[in-house]
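Reading through the structure tokens given below for one structure.
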Amino acid sequence: MPTNESNLKRLKNFPTSINRRTRDQARRTLPILAISCLEIASVITILIVLQTLPARAQTPTPSPSPVNPCPTQLMPGQTLIPVPVIGSSEGRLRGTIILSDEQEWMTFRVPASAPTNASTAQCLPQYVRTFREYGARSTMAAAPSGPYAKGTYALPRPGPTFRARVGDLVQLTFINQINPADFGDSIDRGETGRGGGCDESSGGYPGSDKFPDCFHGSSTGNIHFHGTHTNPNTTADNVFIEVRPSLRKDGKPIVTPESVAQSFNRFFERCEVELSHNVLREWPKTWSDLPENWTDDQKKMLKEYDTQLEKNYGPGVRKLWPIDEAQLKQGAWPQYYIGSFPFCYRLPQYTESIWPPTKPSMQMGGMGSAEMPGDGDLGGRPLIMGQSPGTHWYHAHKHGSTAINVANGMTGAFIIEGKYDDDLNNWYGDGWTRTQPVLVINQLGVSPNLMRKPASGGGPGPGSQDKGPDFSINGQLKPVIQMQPGEVQMWRIVNTSGRAGAYFLGPPKGFQWKQLAQDGVQFNDANYQSHVNQPFLLAAGNRADILVKAPTTPCTNPSDCSVMVKNEVDPQDLTSASPLTLLSVNITGQPVDPKSNAGNFIPNAPYFPPFLKDIGKDEVTGTKTLLFAAGPPGGTPNPAQQTIDGKKFDGEVGAVVLLNKVEEWKIMNATYAAPISHPFHIHINPFQIVEVFDPNQILTDKNGKPVIDPISKQPVNKYVFQGGIHLLPGQCYLDPFAAPETWKPCGPEPVNKNGIWWDVFPIPSGRTVTTVKMDPNTKNPVTVNVPGYFKMRSRFVDYPGFYVLHCHILAHEDRGMMTIVEVTPVRTPYSHH
Ligand SMILES: [Cu+2]
């Protein structure tokens with residue numbers, strides 16, 4: 001691979017320091033070690049990053065105009081480039097994901113202040129970490145044309161789209177070949193014992209952040225399968241797995257798809273057999289279930305890694321192998337790996353036509369009704385909830401680097417097909433759903449804003465982008481989708497951004513849309529029929545499937561055919577946020593017959609699985625309250641900043657639930673310094689919302705329009721905290737001095753019917769209320785903080801184990817807004833007889 005230094009220098013006004021160091025810069029400051037390595041190889045060069053300089057965010061000069069134009073493919077108005085697909089066949093999704101890095105053209109908004117539709121972008125080559133399908137690294141990035149005809153750099157794009165079917169086995173070879181030398185200090189500094197373990201920047205980061213709740217370890221990888229209902233343990237949706245980059249020999253990674261193929265194929269074959277007789281079977285359970293030559297290799301490489309750590313940093317380093325070893329001794333699944341990991345798990349299929357289920361979950365073929373030895377914990381119990389077919393996704397989930405890794409583009413769509421697709425294809429034609437656009441939204445970037453120095457006088461510092469980077473789709477800015485006049489398409493939209501929600505303002509003029517699914521879970525017919533042409537919010541992590549119907553005539557003005565969104569992290573942002581073009585539609589080709597199926601919305605929602613039955617009040621067996629809070633930097637009331645129940649993530653269990661129980665949780669938000677609706681996300685099981693209390697809610701009239709105060713010209717609040725004043729229709733008085741439990745939505749009890757299933761839902765922000773009472777000491781009015789909240793119900797069914805819940809603003813997650821859920825079987829090993 002040629003170095004790009006000379007090209008970089010030729011670029012006019014190139015702010016070389018906008019990102020982390022270039023490869024050449026890194027090489028100059030990083031000692032490269034030659035070491036000996038047991039039996040793996042004679043001499044291996046490990047690029048553990050050793051430089052004493054911190055990973056700087058640096059100090060570029062802000063550009064007043066786009067001096068570095070973007071390659072044509074990244075300019076607005078280009079046809080949407082589809083993402084490569086890894087599909088399943090014969091009941092298995094088999095593929096290889098390479099976590100690596102490359103130089104890509106990244107876009108930077110100009111000016112960097114809050115995005116408007118008049119903002120432009122400049123492009124700079126940046127090192128980013130990528131998820132790529134094996135054998136196709138960078139091939140989708142067609143050689144850029146225009147000012148960068150040389151095609152030296154790749155174009156940004158998400159990881160490949162996975163397409164599997166409910167019931168399939170997922171068998172993924174995960175390889176980490178990141179070159180840590182391309183990213184200063186990206187090896188977990190926690191184990192080197194330096195700098196407290198956190199990344200550092202000239203912007204003053206980490207400040208009061210403390211390891212492990214700080215940005216760190218961005219060359220470590222894993223995959224979270226967001227939206228899967230499956231086993232959270234061992235080789236399934238296990239986010240505690242940390243795969244360090246491969247060791248290197250002669251500059252090349254020694255762990256390759258080929259080097260693990262034999263072991264992994266053997267493992268996948270056995271996994272298939274083990275998981276075939278019972279959909280709830282948990283396997284593998286221990287390392288002895290894995291091929292010995294692979295675990296032996298892991299042990300050797302981990303030890304070698306530790307040896308190097310100690311050699312470079314002296315005693316006091318945090319070695320990895322002893323941790324794995326201790327976990328093995330406890331019968332736990334080890335956490336640390338070098339270079340590779342095999343994911344193997346099943347997407348469970350619910351096969352009964354009624355709910356609750358009556359039969360034990362033995363339908364997976366072949367083995368009759370006998371339980372396998374070692375399945376004693378299952379007790380022949382039935383599968384209670386199947387995997388919902390729909391638009392799910394995957395992303396990097398290493399605590400401390402989720403924000404940077406997701407911003408680099410380590411996300412992808414995970415489409416799980418089922419009867420949902422069959423019914424759509426019966427209406428629209430065979431294989432139709434596979435031809436429809438998959439839109440992976442992201443805010444691509446190279447450094448979290450906190451890593452950067454604020455501008456003198458406050459505000460976003462050089463290189464940072466207020467409200468986060470611009471929304472891209474499949475890596476492109478404002479791309480174009482082609483539609484025939486009158487055609488109906490299905491858009492699967494995933495907001496994989498680590499920060500902002502995309503608030504869709506409604507269909508463009510002449511278009512219609514109808515929502516089919518939320519967060520990968522389809523709507524029942526009542527919800528399908530009622531969600532026509534509505535605006536909707538996709539918070540970070542949310543998905544929507546919508547049917548979109550094009551007008552019969554092309555748009556005279558391209559902007560008439562644009563889908564507009566607003567960038568928001570709280571509904572209060574919507575008043576000031578400007579409408580942004582997310583994408584445009586080009587209406588072209590043969591008009592679709594308006595009487596044909598292709599020109600009409602499917603009349604009824606696809607088959608609705610029985611396991612998605614609304615969770616009734618009588619089903620609830622337990623309740624919990626969780627309090628999310630974010631304080632101003634270093635300030636009060638919560639100097640610890642991003643917390644859940646007053647704590648940052650510390651590896652302790654924050655919520656214990658018995659397996660197959662149903663709980664109702666009140667998720668509160670005590671954030672007051674700035675309006676932030678933290679998007680609550682929980683792994684493994686989706687949930688239904690039964691109550692929402694937003695103390696900042698605006699009063700709306702019967703048409704849904706905000707009620708404006710005739711004197712102040714400001715929107716009127718729904719909740720009034722001042723007694724004795726005349727209430728408008730729909731307004732409610734809440735006593736700020738009464739018990740906080742009395743602060744709740746007013747009006748009739750919600751019906752809780754036709755509930756939508758979510759796996760991410762924003763918690764309404766808190767409100768600081770100024771009361772009429774005076775504080776005798778300060779002589780100021782007393783203020784009271786009123787938290788926002790929602791209540792959700794979830795069935796914690798089928799899969800015991802440890803998994804996480806967290807804020808899906810990923811910088812918050814990295815900085816501590818995460819905790820562990822433990823779902824534990826009811827049954828003990830003891831007998832009463
Ligand atoms: Cu948050």
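The values are calculated or read from the model by the stated rules, or taken from the named source; none is laboratory data. Values in this document were obtained by computation on a predicted structure and should not be read as measured data. Positions of Cβ are backbone-derived with ideal geometry, glycine not excepted, and every protein chain shown enters the neighbour counts. Just so you know, the surface numbers come from the protein's heavy atoms only, side chains and all, with ligands and any DNA or RNA stripped out. Shrake-Rupley method; radii C 1.70, N 1.55, O 1.52, S 1.80 Å.
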About its Cα centre, the chain carries a charge dipole, from +1 on Lys and Arg Cβ atoms and -1 on Asp and Glu Cβ atoms, whose size in debye to the nearest 20 is 1840
Karplus-derived 3J(HN,Hα), 6.51/-1.76/1.60, for each residue of the range 571-578, Hz, glycine and proline x: x, 5, 5, 5, 5, 9, 5, 8
Sorted largest first, the Cα spans of the range 617-713 on the principal axes come out in Å as 54, 42, 18
Keeping all protein chains in position, work out how much accessible area SER100 exposes to a 1.4 Å probe, and write it in Å² to the nearest 10. 10
Tell me, what ³J(HN,Hα) does each residue in the range 100-108 have, in order and in whole Hz, if you take phi through Karplus 6.51 cos²θ - 1.76 cosθ + 1.60 with θ = phi - 60° and put x for Gly and Pro? 9, 9, 7, 8, 10, 6, 10, 8, 10
Helical mean residue ellipticity (222 nm; -39500 (n - 2.57) per DSSP H run of 4+; nearest 500) of the chain: -3000 deg cm²/dmol
Heavy atoms of the protein only, probe of 1.4 Å, neighbouring chains included. What is the accessible area of TYR672 in Å², nearest 10? 50
For the pairs LYS478/LYS753; LYS359/LYS661; LYS319/LYS648; LYS478/LYS514, note any where the Cα-Cα span goes beyond 30 Å. LYS478/LYS753
I'd like the Kirkwood hydrodynamic radius of the range 175-317, using the inverse of the mean 1/r over distinct C-alpha pairs, in Å. 17.6
Can you give the net charge of the other residues whose Cβ lies under 12 Å from the Cβ of THR391, counting K and R as +1 and D and E as -1? -2
Local electrostatic count at GLN308 - Lys and Arg +1, Asp and Glu -1, tallied over other residues with Cβ under 14 Å: +3
Rough spin-label spacing in nm, given labels placed 7 Å along Cα→Cβ, for GLU741 and THR556: 6.2
Give the Rg/Rh ratio for the range 274-354, taking Rg as the radius of gyration of the Cα atoms and Rh as the Kirkwood radius, to two decimals. 1.15
Please give the length that would be gained between GLU691 and ARG270 if that part of the chain were fully extended, namely 0.36 nm times their separation in residues minus their C-alpha to C-alpha distance (nm, one decimal). 147.0 nm
Treating the chain as a set of equal point scatterers at the Cα positions, no solvent, please give the Debye-formula log₁₀ I(q)/I(0) at q = 0.07, 0.08, 0.10 Å⁻¹. -0.53, -0.70, -1.14
Among the aspartates and glutamates, which fall within straight-line cross-link reach of LYS624, defined as a Cα-Cα distance under 18 Å, with same-chain neighbours fewer than 8 residues apart omitted? ASP645, GLU652, GLU663, GLU664, GLU691, GLU741, ASP759, GLU822
Amide proton proximity set for GLY816, modelled H, under 5 Å, gap of 5+: PHE649
Non-local residues with an amide H under 5 Å from the amide H of PHE628, with H modelled 1.01 Å from N and Pro and chain starts lacking one, are ASP645, MET668, ASN669, ALA670
Beyond 20 Å, what percent of the Cα pairs of the range 502-640 remain? 64
Ordering SER559, SER677 by the accessible surface of their heavy atoms, 1.4 Å probe, largest first, yields SER559, SER677
Cα to Cα, under 16 Å, and not fewer than 8 places away if on the same chain: which aspartates and glutamates meet these conditions relative to LYS595? GLU487
Compute the whole-percent fraction of alpha carbon pairs in the range 243-321 spaced more than 17 Å apart. 59
Amide H contacts under 5 Å for ASP199, restricted to residues at least 5 apart in sequence or on another chain and with H modeled in the peptide plane, are PHE215, HIS216
Picking from THR96, ASN449, ILE404, whose Cα lies most toward the positive end of the charge dipole for the chain (charges on Cβ: Lys, Arg +1; Asp, Glu -1)? ASN449
How large is the charge dipole for the range 630-711, taken about the Cα centre, if only the Cβ atoms of Lys, Arg (+1) and Asp, Glu (-1) carry charge, to the nearest 20 debye? 100
Between GLU258 and ALA326, what is the label-to-label distance in nm when each label sits 7 Å out along the Cα-to-Cβ direction? 3.9
Relative contact order, percent, the chain [alpha-carbon distance under 8 Å, six or more residues apart]: 13
Filter the cross-link list LYS617/LYS718; LYS718/LYS744; LYS299/LYS329; LYS509/LYS549 down to pairs whose alpha-carbon distance in this structure exceeds 18 Å. LYS617/LYS718
At q = 0.16, 0.17 Å⁻¹, base-10 log of I(q)/I(0) for the range 680-833 (Debye sum, equal scatterers on each alpha carbon): -1.07, -1.14
